[in-house]
1. Working only within the stretch 121-137, note down all residues that are assigned to a strand (DSSP E or B) and aliphatic (A, V, I, L, M).
2. Please count how many residues of the stretch 89-111 are crowded, with 18+ Cβ neighbours inside 10 Å and closer than 14 Å to residue 45 by Cα.
3. Scan the stretch 153-167 for residues that are surrounded by fewer than 20 Cβ atoms within 10 Å (Cβ to Cβ) and touching a residue at least 40 places away in the same chain (Cβ under 8 Å) and jot them down.
4. Part of a strand (DSSP E or B), over 13 Å from the mean Cα position of the chain (by Cα), among the charged types (D, E, K, R) and surrounded by fewer than 22 Cβ atoms within 10 Å (Cβ to Cβ): is that true of residue 20 in this structure?
5. List the number of the failed condition for residue 137; all other conditions in (1) under 19 Å from residue 5 (Cβ atoms); (2) surrounded by fewer than 20 Cβ atoms within 10 Å (Cβ to Cβ); (3) in contact (Cβ under 8 Å) with a residue 40 or more places away in the chain; (4) not charged (D, E, K, R) hold.
6. Quick one: would you say residue 118 is part of a loop (DSSP other than H, G, I, E, B), of a type in the set (Gly, Ala, Ser) and under 15 Å from the mean Cα position of the chain (by Cα)?
7. Can you list residue pairs whose Cβ atoms sit under 7 Å apart, with the first residue in the stretch 17-32 being under 13 Å from residue 115 (Cβ atoms) and the second being surrounded by 19 or more Cβ atoms within 10 Å (Cβ to Cβ) and among the small types (Gly, Ala, Ser)? Count only pairs 6 or more apart in sequence or on different chains.
Amino acid sequence: MAVESKSLPLGTIAPYFCLRDVVSGIKYTMNHVRGPKGMVIYFICNHCPYVIHVRQELVKVAQDYMPKGIGFAAISSNDVERYPEDSPEKMKQVAQEFGFPFPYFYDETQEVARDYQAACTPDIFVFDGYLRLYYHGQLDDARPGNNVPITGASLRLALDSLLEGKSPPEIQKPCVGCSIKWKEQN
């Protein structure tokens, strides 16, 4: 069942994180990820059909905007005991296969997902150069099976507006995808 991202107030300061990249093994903080003009955080995972459907466009958007001063990172927060296809080893394989130009972090404690109030995969957050939430919404209108072309239009519009110094887009459609697979609380 698909779920929508939660509404986070624009202007919210990006919660700090320090996570290990599954490809390089290097620990990064949010400050290593951010670019001078802003930062995009993708909450994704390996097995979600919504992520699989748009994964190549997530990479393409990053490739297009990283040279313009926007930093990117992807974070998987799923419970890997119940969803072993989302394990760090499998994350590394996916990142290498698709040529992720950004770090792919495993949020083992799920604390980062909770801090960001991430609800689904994909869940996309754009922060400005001061780390204030500028956009929290969908990549575009494409969904598995709806035959809408994958263009990244919504995210690209937000990033272009940010780079042009404009106000955040008035329309910020929520992300739609699989729910984050939370660990069972004991």
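Taken together, the values in this text are just the output of simple stated rules run on the coordinates, not laboratory data. Being a predicted model, the structure only gives us computed values, none of them experimental. Note that each Cβ is placed from the backbone with ideal geometry, even for glycine, and that neighbours are counted across all protein chains shown.
1. The first filter runs over the stretch 121-137 and keeps only residues assigned to a strand (DSSP E or B), leaving 121, 123-128, 132-136.
Answer for the stretch 121-137, where residues must be assigned to a strand (DSSP E or B) and aliphatic (A, V, I, L, M): 124, 126, 133.
2. Within the stretch 89-111, the first condition is being crowded, with 18+ Cβ neighbours inside 10 Å, and the residues that meet it are 90-92, 94-95, 100, 102-107.
Checking the rest, the ones that are also closer than 14 Å to residue 45 by Cα come to 90-92, 94-95, 100, 103-107.
The number of residues fulfilling the criteria is 11.
3. 156, 163
4. Working: part of a strand (DSSP E or B): yes; over 13 Å from the mean Cα position of the chain (by Cα): yes; among the charged types (D, E, K, R): yes; surrounded by fewer than 22 Cβ atoms within 10 Å (Cβ to Cβ): yes.
Against the criterion (part of a strand (DSSP E or B), over 13 Å from the mean Cα position of the chain (by Cα), among the charged types (D, E, K, R) and surrounded by fewer than 22 Cβ atoms within 10 Å (Cβ to Cβ)), residue 20 qualifies.
5. Condition not satisfied by residue 137: (2).
6. yes
7. What qualifies is 30/14.
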